[in-house]
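See below for the structure under consideration.
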Amino acid sequence: MAEPLMVFFVGSNIGPWKVERITAPKGLILPPVERVAIFEGSLPPNLPQPAWLLRGVAGHARYVERREQEALAAVHPPLPRPAATRAALIPIKKSETWWNLAQDERRAIFETRSHHIELGLQYLPAVARRLHHSRDLGEPFDFLTWFEYAPEDEALFEELVVRLRSTPEWEYVEREVDIRLVREEV
């Protein structure tokens, strides 16, 4: 099991990730920014005031069974990937109805009915992701999902997002922001 890692996504005018677009498929959008920087562990001193700052903890996977965990580990590439110059940061907040469900009920919607892990496996290793949990930190989103892919895999990523958004699980999403990025060293 991976040790928990605090990760900060900073929306401002600094960072290697240039924002192509920010949309809000559900709920309120985040303020527009030029760039996104990612910091692991802690924020640097003297960081200029960002337009927004999102934080989450990357650690052990929740809702996965042993066989799924092993299947994911067998094909998931380590992040960051040099060839992956495209990315998406997708913060998500689920409804209180979702959180009031018992763990086994959420698992049934997540995988048995929505096939979330099964779908994700179909797109690995082309589209890699890391999930950050934010709900327990009191953040405005429950999850921050970071996706990386090469330019030639952009259509695969778009297909994955469309398929995930059409599942029963997405009926419980009350806020979703979709931030598309291109890595540009500055």
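The values are calculated or read from the model by the stated rules, or taken from the named source; none is laboratory data. For clarity, every value in this text was computed on a predicted model and none was experimentally measured. Here the Cβ is made from the backbone with ideal geometry for all residues, glycine too, and neighbour counts use every protein chain on show.
Observations on the model:
Yes/no matrix, rows are residues, columns are (1) touching a strand residue (DSSP E or B) at 6+ places or on another chain (Cβ under 7 Å); (2) under 20 Å from Phe8 (Cβ atoms):
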residue: Thr145; (1), (2): yes, yes
residue: Glu152; (1), (2): no, no
residue: Val162; (1), (2): no, no
residue: Pro168; (1), (2): no, no
residue: Val173; (1), (2): yes, no
residue: Ile179; (1), (2): yes, yes
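- Residue count for segment 51-67, restricted to those that are part of a loop (DSSP other than H, G, I, E, B) and modelled with pLDDT of 95 or more: 1
- Across segment 1-13, the qualifying residues are those that are of a type outside the set (D, E, K, R) and surrounded by fewer than 17 Cβ atoms within 10 Å (Cβ to Cβ), and the one among them that is farthest from the chain's Cα centre (by Cα) is Asn13.
- Glu176 within 23 Å of Pro125 (Cβ to Cβ) and modelled with pLDDT of 95 or more: no
- Residue selected from segment 84-114 under the condition small (Gly, Ala, Ser) and assigned to a strand (DSSP E or B), by the criterion surrounded by the fewest Cβ atoms within 10 Å (Cβ to Cβ): Ala88
- Residue in segment 115-141 that is surrounded by the fewest Cβ atoms within 10 Å (Cβ to Cβ), counting only those that are among the charged types (D, E, K, R) and within 24 Å of Glu40 (Cα to Cα): Asp136
- Matching entry among Asp153, Asp142 (being at pLDDT 95 or above and more than 25 Å from Phe39 (Cα to Cα)): Asp153
- Residue match in segment 140-151 (condition: over 14 Å from the mean Cα position of the chain (by Cα) and in a helix (DSSP H, G or I)): yes
- Residues located in segment 22-51, provided they are of a type outside the set (Val, Ile, Thr) and within 16 Å of the chain's Cα centre (by Cα): Ala24, Pro25, Lys26, Leu30, Ala37, Phe39, Glu40
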